[in-house]
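Step one of this worksheet: look at the structure below.
The values are calculated or read from the model by the stated rules, or taken from the named source; none is laboratory data. All of these numbers come straight from a predicted model, not from anything done at the bench. Here the Cβ positions follow ideal geometry from the backbone for every residue, glycine too, while neighbour counts run over all protein chains shown. Heads up: the accessible areas ignore ligands, DNA and RNA and are worked out on the full protein's heavy atoms, side chains in. Shrake-Rupley method; radii C 1.70, N 1.55, O 1.52, S 1.80 Å.
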Amino acid sequence: MRIFRTPALLRYLFPEYIWRKTISGKNIYLTFDDGPVPEVTEFVLQQLSVYQAKATFFCVGENISRYPEIARNIVEQGHYLANHTYNHLRGWATETNTYVQNIALCQDQIEKYQPKREPSLFRPPYGRIRRKQFNEIKSAYRVIMWDILTYDFDNTLSPEVGLQRILKQTTAGSVVVFHDSVKAFPNLQYLLPRFLRYFAGLGYSFNTL
Ligand SMILES: [Zn+2]
């Protein structure tokens, strides 16, 4: 079963993570995980610029080091670079020291292009982070989860069906996850322009976290 909207129970169990914004006029918080990736991230930036939308990019550090020009463009266009580990590590399968060091490596890449901000933003790959890992990073990072998962990475889902679900379930304050990855690109090309057009038409703005 695909769960597009994070259940209230999870938000209740993990109140220290950010799932959505509670005080928030007509704002939606778009997030893009796993980039930067040539062509895909560039497509995202182009779409966002049409609606003057600003977004948060949870980047994989090794992709930043591979594609520094794209990272620079993200910042120059007013978006925010956030941390998604250097190697897209799975928290539950990684020893805490290794995990924390991998986050720091990603942050070094980010700060080549963007001034330091405390706390910085971090999203654990797969949404999986152990309590111990969270405790190690919580003074330096705010952990951002999500309210709406678009399933753009799921090529077995019809994009038409997916679109209807995410349009219906997104509300003011929602944190929405897309992926600027090669795998998600076919669905992303369908979903993102339509999502932006729909909510811009309803008077929503799109902002960084
Ligand atoms: Zn990821």
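One residue stands out among those in the stretch 117-139 that are over 15 Å from the mean Cα position of the chain (by Cα), closer than 19 Å to T31 by Cβ and free of Cβ contacts under 8 Å to residues at least 60 places away in the same chain: the one that is surrounded by the most Cβ atoms within 10 Å (Cβ to Cβ), which is I129. Please tell me if L81 is part of a strand (DSSP E or B) and either within 14 Å of the ligand (Cβ to nearest atom) or under 20 Å from I137 (Cα atoms) (or both). Criteria met by L81.
Listed residues G203, G162; which is assigned to a loop (DSSP other than H, G, I, E, B) and open to solvent by less than 80 Å² (accessible area, probe 1.4 Å)? It is G203.
Here I144 meets each of (1) open to solvent by 10 Å² or more (accessible area, probe 1.4 Å); (2) aliphatic (A, V, I, L, M); (3) under 30 Å from T98 (Cβ atoms) with one exception, condition (1). In the stretch 81-93, the residues that are in contact (Cβ under 8 Å) with a residue 24 or more places away in the chain and among the small types (G, A, S) reach residues that are assigned to a strand (DSSP E or B) and more than 12 Å from the ligand (Cβ to nearest atom) with C-beta atoms within less than 6 angstrom, at least six apart or across chains, in these pairs: A82/T56; A82/L121.
Please go through the stretch 41-66 and give me each residue that is within 16 Å of the ligand (Cβ to nearest atom), surrounded by 18 or more Cβ atoms within 10 Å (Cβ to Cβ) and more than 12 Å from the chain's Cα centre (by Cα), ordered by number. Across the stretch 41-66, the qualifying residues are T41, V44, G61, N63, I64. Can you pull out every residue in the stretch 5-26 that is open to solvent by less than 60 Å² (accessible area, probe 1.4 Å), outside any helix (DSSP H, G or I) and touching a Phe, Trp or Tyr at 6+ places or on another chain (Cβ under 7 Å)? Hits for the stretch 5-26 are T6, W19.
With respect to being closer than 24 Å to V182 by Cα and either surrounded by 13 or more Cβ atoms within 10 Å (Cβ to Cβ) or touching a residue at least 12 places away in the same chain (Cβ under 8 Å) (or both), Y29 fits the description. For the stretch 176-200, residues that are open to solvent by 10 Å² or more (accessible area, probe 1.4 Å), more than 16 Å from the ligand (Cβ to nearest atom) and under 19 Å from P36 (Cβ atoms) total 2.
Inside the stretch 141-155, residues that are modelled with pLDDT of 95 or more and either on the phi > 0 side of the Ramachandran plot or more than 18 Å from the chain's Cα centre (by Cα) (or both) make up a count of 1.
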